[in-house]
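J.: There's a structure below that I have some questions on.
The values are calculated or read from the model by the stated rules, or taken from the named source; none is laboratory data. Here the structure is a predicted model, which means the values were calculated and not measured. Calculation scope for accessible area: heavy atoms of the full protein, side chains included, ligands and nucleic acids excluded. Shrake-Rupley method; radii C 1.70, N 1.55, O 1.52, S 1.80 Å.
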Amino acid sequence: MILEQLLLGIMVVAVTLLLLPLLLVMVGVGAAMLLWFVVSAAVLGALIFWVVFPGTYGLAILLLVLVIGLLLVDRQTRHGAP
């Protein structure tokens, strides 16, 4: 009985150690893709704003920075970061 539990524990640890790097890589890729989509949506909005109002590119950049800043502040307040 103890030998079976010991073997089961060793197998769980082995599988965990084999899958942990893969899971960490998958989480990193997922976070990078999410960041890519958020930034690309903000850049696309600024580009459309710049095409519609070509003389106000400075305002478009300011709005882009403000939107990204608000997204970061909102994310921090939702997760309860100090």
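J.: How far, in degrees from 0 to 90, does helix 2-52 lean away from the longest principal axis of the Cα atoms of the chain, to the nearest 10?
T.: With both axes taken from Cα atoms, the answer is about 10 degrees.
J.: Then there is this: By how many degrees, between 0 and 90 and to the nearest 10, does the Cα long axis of helix 57-78 differ from the longest principal axis of the chain?
T.: Computed tilt is about 30 degrees.
J.: Ignoring ligands, DNA and RNA, what accessible area per residue does the chain give at 1.4 Å, in Å²?
T.: Counting only protein heavy atoms, the per-residue value for the chain is 87 Å².
J.: Roughly to the nearest percent, how much of the accessible area of the chain is carbon and sulfur, given a 1.4 Å probe?
T.: On the chain, the fraction of accessible area on carbon and sulfur atoms equals 84 percent.
J.: Using only alpha-carbon positions, what ratio does the radius of gyration of the chain give when scaled by 2.2 N^0.38 Å?
T.: 1.95
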